[in-house]
Structure formats: C-alpha cells, structure tokens
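Let me begin by presenting the structure, written as structure tokens, before commenting on it.
The values are calculated or read from the model by the stated rules, or taken from the named source; none is laboratory data. Because the structure is predicted, anything quoted here is derived from the model rather than measured. Backbone-built Cβ (ideal geometry, glycine too); neighbour counts: all protein chains shown. Heavy atoms of the whole protein, side chains included, go into the accessibility calculation; ligands, DNA and RNA do not. Shrake-Rupley method; radii C 1.70, N 1.55, O 1.52, S 1.80 Å.
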Amino acid sequence: MPLLQNSATGICLDIGPGTGQWVYLFARASNPSITKIYGVEPNKAFHAELRRNAVEAGLGDKYEIIGCGAEELATKGGLEPGSVDTVITVQCLCSIPTPQKIIKELYPLLKPGGKWLVFEHVRTKYQNDFVGVLNNIWPHFLNGCDITRPTDEWLLQAGKWDDVQLGPTAGEGKYDTIPHVSGTLTKAK
Ligand SMILES: C[S@@+](CC[C@H](N)C(=O)[O-])C[C@H]1O[C@@H](n2cnc3c(N)ncnc32)[C@H](O)[C@@H]1O
C-alpha cells in the first residue's frame, strides 16, 4: 500500500477502518508528521482488534476510535470544518449505505490543501453485463459491498480540488472486472 505509507500527515480521519488491518502503514516510525488519527468505525465489534492494531503500530496515544458512522461526525464527532489534514477511505465507500452524502460531508472537514487518500472499488465497463448480475449477490457475502459505484466521480464532484492523482491501482488494468480507484485528491487552497 505505497499510497498510505508516508502520505498521511497532521490530523487524520481514517473512515471505516474495520479491525485496522492497514493501521500498521501509519506506524509512528515511518509517519512522524501524523499528530492524531480518528478511526471512525460504527461497528463496535471491531473496536478491540482495531485498538490492538493501533497499539502494535506504536500509535496507542495517537489513534482514537470514534464509534459512529461518518455521517454522524459533524454532530457526534465534534470535528470543526477545515480541521483535518488527511482523510483516508480504504475499501469503505463501497459498503457505506450513503456514500455520496458522506463524501459531501467529509469534504468541508478537510483543510484547504489537505489530502484525501483513496483506495476504493469503482465501477467497471462491464457494469451492464455480468458485473451488474454479480452485484446482486456480491453484497450479501461481503457486508453490503457494492462494486458498481462511481466513487471516483462522486469524489471529484465533492468540491474544488487543486490536484487530483487518481487512477487504476498498480497491477490492475483500467478494464479489470472488479477494479479499484487509487490515489490522492488535494483540496483547493
Ligand atoms: C469492507 S470494510 C473495510 C474495512 C477496512 N477499511 C479494510 O480495508 O480492511 C468496510 C468498513 O466500513 C465500515 N462502515 C460501514 N458503514 C460506515 C459508516 N457509515 N461510516 C463509517 N464506516 C462505516 C464498516 O463497519 C467496515 O468496517
């Protein structure tokens, strides 16, 4: 995950981290400029393992779990607009029930010049063929994961960006059956 290594800085919002299988990428030793990470995870069953992974990554004092949905951040999370340096969404906008709403609500929390790090399922050109059919059963086995969302377009439409570096994930072709979009959007200053 070169995307996540050394890219997150300052105050970070880690949306839908699950059990924290990627938290080691934010380890203190390789990310000295991270000051705080809020792990926004509504599923409380994941919290103990998420906490353990954060402690193992040397982030015990910096990683704080917020046990609510990303859509509740403005009301329950206590975060001010323009207070976040890095938003991280890794394989969560595919399974969050209201992704467009959440993207629109997260954008104002990001500081001007702040970065959004993305690794997400995105729709394929086979959308209207077998992927559309596959997507009828896929979410039942993968916690509501929807592989037909134009997440990259929704991110682009969320607001003004100074720089957008989004593309297929390394090792994936543009026309893979179940592709990911990966990269960084930098909020306009
Ligand atoms: C497919 S899992 C991915 C977990 C982790 N990011 C990973 O790559 O291993 C999706 C995660 O999004 C979380 N999630 C679901 N609805 C959410 C919401 N409204 N706000 C934040 N996270 C949510 C789920 O609880 C789950 O942990």
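Would you check which residues across segment 31-71 are in a loop (DSSP other than H, G, I, E, B), more than 13 Å from the ligand (Cβ to nearest atom) and open to solvent by less than 50 Å² (accessible area, probe 1.4 Å) and list them?
If we filter segment 31-71 for residues that are in a loop (DSSP other than H, G, I, E, B), which is where we start, we get 31-33, 41-43, 57-62, 67-69.
Now restrict to residues that are more than 13 Å from the ligand (Cβ to nearest atom): 31-33, 57-62.
ASN31, ALA57, GLY58, LEU59, GLY60, LYS62, listed by residue number.
Considering each residue of segment 20-30, count those that are open to solvent by 10 Å² or more (accessible area, probe 1.4 Å) and either more than 7 Å from the ligand (Cβ to nearest atom) or modelled with pLDDT under 90 (or both), and give that number.
Narrowing segment 20-30 to residues open to solvent by 10 Å² or more (accessible area, probe 1.4 Å): 21-22, 24, 27-30.
When the remaining residues are screened for being either more than 7 Å from the ligand (Cβ to nearest atom) or modelled with pLDDT under 90 (or both), the result is 24, 27-30.
Result for segment 20-30: 5.
Taking segment 87-117, which residues are assigned to a helix (DSSP H, G or I) and of a type in the set (Phe, Trp, Tyr)?
Hit for segment 87-117 is TYR107, nothing else.
Check whether at least one residue in segment 130-149 is within 16 Å of the ligand (Cβ to nearest atom), modelled with pLDDT of 70 or more and within 22 Å of GLU41 (Cβ to Cβ), and report yes or no.
Our first condition is that a residue be within 16 Å of the ligand (Cβ to nearest atom); within segment 130-149, this holds for 135, 138-149.
With modelled with pLDDT of 70 or more added as a condition, the list becomes 148-149.
Among the residues that remain, those that are also within 22 Å of GLU41 (Cβ to Cβ) are: 149.
Yes: one or more hits.
Could you please find all residues in segment 4-19 being closer than 18 Å to GLY183 by Cα and within 12 Å of the ligand (Cβ to nearest atom)? Break it down into steps so the answer makes sense when it comes.
Of segment 4-19, the ones closer than 18 Å to GLY183 by Cα are 4-9, 12-17.
Once the filter is applied, which keeps residues that are closer than 18 Å to GLY183 by Cα and within 12 Å of the ligand (Cβ to nearest atom), segment 4-19 yields LEU4, LEU13, ASP14, ILE15, GLY16, PRO17.
Would you mind stating whether LEU93 is modelled with pLDDT of 70 or more, over 13 Å from the mean Cα position of the chain (by Cα), among the aliphatic types (A, V, I, L, M) and crowded, with 19+ Cβ neighbours inside 10 Å? Break it down into steps so the answer makes sense when it comes.
On the way: modelled with pLDDT of 70 or more: yes; over 13 Å from the mean Cα position of the chain (by Cα): no; among the aliphatic types (A, V, I, L, M): yes; crowded, with 19+ Cβ neighbours inside 10 Å: yes.
For LEU93, the condition - modelled with pLDDT of 70 or more, over 13 Å from the mean Cα position of the chain (by Cα), among the aliphatic types (A, V, I, L, M) and crowded, with 19+ Cβ neighbours inside 10 Å - is not met.
Can you pull out every residue in segment 72-83 that is within 11 Å of the ligand (Cβ to nearest atom) and of a type outside the set (A, V, I, L, M, F, W, C)?
Taking segment 72-83 and keeping what is within 11 Å of the ligand (Cβ to nearest atom), we get 72-73, 77.
Residues satisfying the conditions are GLU72, GLY77.
Search segment 2-17 for residues being at positive phi and assigned to a loop (DSSP other than H, G, I, E, B), and hand back the single one that is nearest to the chain's Cα centre (by Cα). So that I can check it myself, show each step before the final result.
First pass over segment 2-17, keeping only residues at positive phi: 6, 10, 16.
If we keep only those that are assigned to a loop (DSSP other than H, G, I, E, B) as well, we get 6, 16.
Details: ASN6: 16, GLY16: 7 Å.
Across segment 2-17, the extreme among qualifying residues is GLY16.
Considering only residues that are free of Cβ contacts under 8 Å to residues at least 60 places away in the same chain, of a type outside the set (S, T, N, Q) and away from the ligand (no atom under 11 Å from the Cβ), look in segment 96-113 and name the one that is least open to solvent (accessible area, probe 1.4 Å). Talk me through it step by step, then tell me what you get.
To start, the set of residues in segment 96-113 that are free of Cβ contacts under 8 Å to residues at least 60 places away in the same chain comprises 97-101, 103-105, 108.
Checking which are of a type outside the set (S, T, N, Q) leaves us with 97, 99, 101, 103-105, 108.
Narrowing further to those that are away from the ligand (no atom under 11 Å from the Cβ): 103-104, 108.
Numbers: ILE103: 1, LYS104: 132, PRO108: 61 Å².
Filtering first and then ranking leaves ILE103.
Got a sec? Which of VAL118, VAL87 is modelled with pLDDT of 95 or more, β-branched (Val, Ile, Thr) and either open to solvent by less than 10 Å² (accessible area, probe 1.4 Å) or within 12 Å of the ligand (Cβ to nearest atom) (or both)? Show your work before the answer.
Working: VAL118 fails: modelled with pLDDT of 95 or more.
Checking each option against the conditions leaves just VAL87.
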